[in-house]
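The next block holds one structure in the form of structure tokens; read it before the comments.
Only the coordinates and a few stated rules stand behind these numbers; no lab work does. Note that the structure is a prediction, hence the values are computed from the model and not measured. Cβ sites come from the backbone with ideal geometry, for glycine too, and all protein chains shown count toward neighbours.
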Amino acid sequence: MQNILVTGASGQLGAEIIEGLLGMGDVSLVVATDIKEPSVSLEAVPFEFLDVMDADRMTELIKNYKITQVYHLAALLSATAEKNIDLARKLNIGSLHHVLNIARDLNLDKVFWPSSIAVFGPDAKKDGTPQNSPCNPTTVYGITKLTGEQWCAYYHRTFGVDVRSIRYPGLIGYKTLPGGGTTDYAVDIYHKAINHEPFTCFLEADSHLPMMYMSDAVKATLDLMQAPADKLTVRTSYNISAMSFSPAEIADSIRKTYPDFEINYAPDYRQKIADSWPNSIDDHTARNDWDWNHSYDLDAMTQDMILNLVKGKV
Ligand code: AKB
């Protein structure tokens, strides 16, 4: 049975991963940690304040709760990282070092650490970016994620730490709002649509990015963590993919339910970040190694987002 500690539990992915973990047969305890209180209720899960840059406190919690696995989700996302270089480096890389050192020293079973499609830069293949495309990111966030991937591979190779990772695309869910990412518009747009308000997008109409519905992202994460270690050929981070769309295309999908929905465009500094990333991702290595498969395309996601957001309003 596993005792799992989740960092960044109050973020966009945290509550969703915790819910997924609680549904697993071999999980006896999940401990949620963050520097801020969770925005959604994390029923029956202990919550502890943890600044992930504090290695001593992290060690203490891991020892006290007899933790066997860590899902280290705390991070600054791309837009915020660009404005806070030092904090991004300390938080995104420094805290990963603490987790990897603790995993090695306390012999933890497994660690999960999220990477991102942001590891790719302008010289990667734009469409269907392969697993091993050149990774020369031009963003602060991308640099931290690429560095982190290399540290994960090093700790696995050198110390046998079983750390696993996914390069998430933009994640879209209805339970929590994202914060500080370049793909956040694709969540915000649904909130405007259900309130019958126009949406002003900070990216251009035809800016395509890889995206994924939250339930697919949770499934991918739990499936990767359950996969037999000897099936995993990638110890940096796996490409995974579900859909790719532009702001104009998501607006069209929303208009199938709200025909009068209006979108305007006011691109800002985040356009440059988006321009440096792939349009779409090739993920056949993940599909071959651990049978990864997605369920939601753009229209299926739009229907589910609208249904749940409207339900939450009444
Ligand atoms: C961001 O926009 O920063 C993130 C990501 C793609 O990793 N959603």
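The chain has equivalent-ellipsoid semi-axes of 31, 22, 18 Å, by the square roots of 5 times the alpha carbon gyration tensor eigenvalues, sorted largest first.
For the stretch 69-132, the equivalent ellipsoid derived from the Cα gyration tensor has semi-axes of 26, 18, 9 Å, listed largest first.
For the chain, what does the relative contact order come out to in percent, with C-alpha contacts under 8 Å and a separation of six or more? Show your work: numbers first, answer last.
On the way: 622 pairs, mean separation 57.8, N = 314.
Contact order relative to length: 18 percent.
Taking trypsin sites (Lys or Arg not before Pro) across the stretch 33-108, the ones in a DSSP loop with at most 12 further Cβ atoms lying within 10 angstrom of their Cβ are Lys36, Lys66.
Compactness check for the stretch 17-68: Cα Rg over 2.2 N^0.38 Å is 1.17. Exceedance of the 30 Å cut-off in Cα-Cα distance is limited, within the set Lys83/Lys125; Lys83/Lys219; Lys126/Lys313; Lys83/Lys192, to Lys83/Lys219; Lys126/Lys313.
Loop by DSSP (not H, G, I, E, B), at most 16 other beta-carbon atoms within 10 Å: where is the longest site-free stretch of the chain for GluC sites (Glu not before Pro)? Before the final figure, lay out each step's value.
On the way: sites that count: Glu43, Glu204, Glu262.
Within the chain, the longest run free of exposed GluC sites (Glu not before Pro) spans 44-203.
List the residues, sorted by chain then number, that are 5 or more residues from Tyr238 or on another chain and whose placed amide H is less than 5 Å from its amide H. Under 5 Å from the amide H of Tyr238: Ser165, Ile166, Arg167. The angle between the Cα long axis of helix 298-313 and the longest principal axis of the Cα atoms of the chain comes to about 80 degrees, rounded to the nearest 10.
In whole angstrom, how long is each semi-axis of the equivalent ellipsoid of the stretch 98-147, when you take the square root of 5 times every eigenvalue of its Cα gyration tensor and sort them from largest down? Numbers along the way, then the final one.
Values: eigenvalues 161, 28, 10 Å².
Sorted largest first and rounded, they come to 28, 12, 7 Å.
Close amide H pairs (under 5 Å, H built 1.01 Å from N) link Phe199 with Glu262, Ile263, Asn264, residues at least 5 positions away or on another chain.
The separation of the stretch 248-288 from the stretch 166-245, counted between C-alpha centres, amounts to 10 Å.
Computed over the Cα atoms of the stretch 163-314, what is the ratio Rg over Rh, Rh following Kirkwood? Don't skip to the end; give the middle numbers.
Values: Rg = 16.2 Å, Rh = 16.3 Å.
Computed over Cα atoms, the ratio is 1.00.
For each of Met243, Met305, Met53, count neighbouring Cβ atoms within 10 Å of the residue's Cβ, then give the residues from fewest to most.
Ascending number of Cβ neighbours within 10 Å: Met53, Met243, Met305.
Computed from Cα positions, the angle between helix 140-159 and the longest principal axis of the chain comes to roughly 30 degrees. Counting Lys and Arg as +1 and Asp and Glu as -1 over every other residue whose Cβ lies under 11 Å from the Cβ of Leu309, the net charge comes to +3.
Length gained on full extension, Ile85 to Asp230: 48.5 nm, using 0.36 nm per residue less the C-alpha separation.
The tail of the calculated P(r) for the stretch 136-217, taken as Cα-Cα distances beyond 20 Å, holds 49 percent of the pairs. Can you give the local net charge around Leu42? Use residues other than it whose beta-carbon is closer than 15 angstrom to its beta-carbon, Lys and Arg +1, Asp and Glu -1. Local net charge: -4. Its relative contact order, with pairs defined as Cα atoms under 8 Å and 6+ residues apart, puts the stretch 1-109 at 29 percent. Taking Cα atoms only, the orientation of helix 185-194 departs from the longest principal axis of the chain by about 50 degrees. Once each part is reduced to its C-alpha centroid, what is the distance from the stretch 3-78 to the stretch 110-165 in angstrom? Here the two parts' Cα centres lie 22 Å apart.
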